[in-house]
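Pasting a structure here, questions to come.
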There are 2 protein chains.
Amino acid sequence: MLATNQMVRDFPEPEVFTRDCPTQQILDVITDKWSVIVIYCLAYGPKRYKQIQRRIEGISQKVLTQTLRNLERHGLVLRTVYAEVPPRVEYALTSLGETLIDPLLAIANWSRQYFIEVAASRDRYDNQLP
Amino acid sequence: MLATNQMVRDFPEPEVFTRDCPTQQILDVITDKWSVIVIYCLAYGPKRYKQIQRRIEGISQKVLTQTLRNLERHGLVLRTVYAEVPPRVEYALTSLGETLIDPLLAIANWSRQYFIEVAASRDRYDNQLP
């Protein structure tokens with residue numbers, strides 16, 4: 001793997017380098033691993049809490065509850081309570097949340113394409129250490 | 001914002017829902033806010049430690065050191081020590097790291113495009129609470 005030479009980029013420097021920049025605050029929300037996975041899960045259609053929990057292995061109830069609340073808070077997920085007995089609660093992506101699917105899919109595809117290379121690099125690095 | 005109806009997705013269900021899936025491990029590395037920002041910073045060309053630190057407001061020395069080490073460990077950043085007096089240390093994206101620029105740019109562009117909507121949603125949510 002070669003380092004790149006100095007190169008001219010054709011994209012503007014993002015304001016993301018600025019302290020307290022709003023984009024940076026949003027990054028905090030959407031670049032959380034569990035948020036990414038929950039958004040994926042809902043990309044296939046609305047689901048009840050238990051359905052999400054069954055679908056995503058290894059997520060604790062505490063983390064799933066916090067993640068859903070955080071996504072709802074930021075307008076990415078809509079929580080709907082249906083007046084049935086017992087009440088049915090369903091989670092769905094909002095239209096705003098839907099717009100995140102493609103960018104997140106690009107990240108997931110990258111992970112899928114390169115994870116062997118990344119893991120090999122990690123193992124080499126760890127084996128170098130005393 | 002409307003919730004979407006059940007819809008058929010034309011992408012396969014990612015294995016990212018599976019416990020200990022390798023893609024999920026990689027997500028942990030590349031969806032860290034500071035990793036994203038440091039990769040951006042190096043997307044404009046190799047830099048010395050102090051240059052990165054000056055460029056990214058609000059990053060502590062501890063966090064920057066950990067972030068660079070983590071990116072190096074996973075093969076995304078190359079650390080080169082030049083035999084000068086005093087030694088010059090430079091950080092650059094590897095060719096693997098370069099492949100992450102476009103997906104991460106999509107995420108940053110999303111944040112830039114929608115942060116007002118996300119922040120408004122957050123404020124509405126917080127004002128509802130007792």
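Hey, got the dipole for the range A:18-128? About the Cα centre, +1 on K and R Cβ, -1 on D and E Cβ, debye to the nearest 20?
Using only the charged Cβ atoms, the result is roughly 400 debye.
Put a label point 7 Å from Cα along the Cβ direction on B:ALA83, then list its distances to the equivalent points in the other copies in nm, shortest first.
Values, ascending and in nm: 8.1.
Which number do you get for Rg(Cα) / (2.2 N^0.38 Å) in the range B:17-128?
Dividing the Cα Rg of the range B:17-128 by 2.2 N^0.38 Å gives 1.27.
Shortest first and in nm to one decimal, what separations exist between B:ASN127 and its copies in the other chains, measuring from label points 7 Å along the Cα-to-beta-carbon line?
Taking the point 7 Å beyond Cα along Cα→Cβ, the inter-copy spacings are 5.9 nm.
How many nanometers, to one decimal and shortest first, lie between the label point of A:GLY45 and those of its other copies, if labels sit 7 Å from Cα toward Cβ?
5.3
Please arrange A:ILE39, A:ILE30 by how many other C-beta atoms lie within 10 Å of their C-beta, fewest to most.
Final ranking by Cβ density, sparse to dense: A:ILE39, A:ILE30.
On to the next question. Using a Förster distance of 25 angstrom, determine the FRET efficiency expected from the C-beta separation of B:ASP123 and B:GLU57, and round it to 0.05.
On the way: r = 24 Å, r/R0 = 0.96.
Step by step, r from the Cβ atoms, then E = 0.55.
Over every pair of different alpha-carbon atoms in the range B:55-110, take the mean of 1/r and invert it; report that Kirkwood radius in Å.
On the way: mean 1/r = 0.0776 Å⁻¹.
With all distinct Cα pairs of the range B:55-110 included, I get 12.9 Å.
Let me ask you something else. Tally Lys and Arg at +1 and Asp and Glu at -1 over the other residues with C-beta under 10 Å from the C-beta of A:TYR91: what net charge comes out?
Once all neighbours under 10 Å are counted, the net charge is +1.
Another question about this same structure. Suppose we consider the axis relating copy A to copy B; can you name the residue of A with the nearest Cβ and state that distance in angstrom as an integer?
Nearest Cβ to the rotation axis, residue and whole-Å distance: A:THR31, 2.
Select from B:GLN51, B:ALA108, B:ILE39 the residue farthest towards the positive end of the dipole of the range B:17-128; place +1 on Cβ of Lys and Arg, -1 on Cβ of Asp and Glu, and compute about the Cα centre.
Of the listed residues, the answer is B:GLN51.
If you don't mind, there's one more thing I want to ask. Run the numbers on the range B:17-128 and let me know its relative contact order in percent, using alpha-carbon pairs under 8 Å that are six or more apart.
24
All of the numbers you see were taken from the coordinates with simple rules; none came from a lab. Predicted, not measured: the structure shown is a model, and the values here were computed from it. A quick note on method: Cβ atoms are made from the backbone with ideal geometry, for glycine too, and the neighbour counts reach across all protein chains shown.
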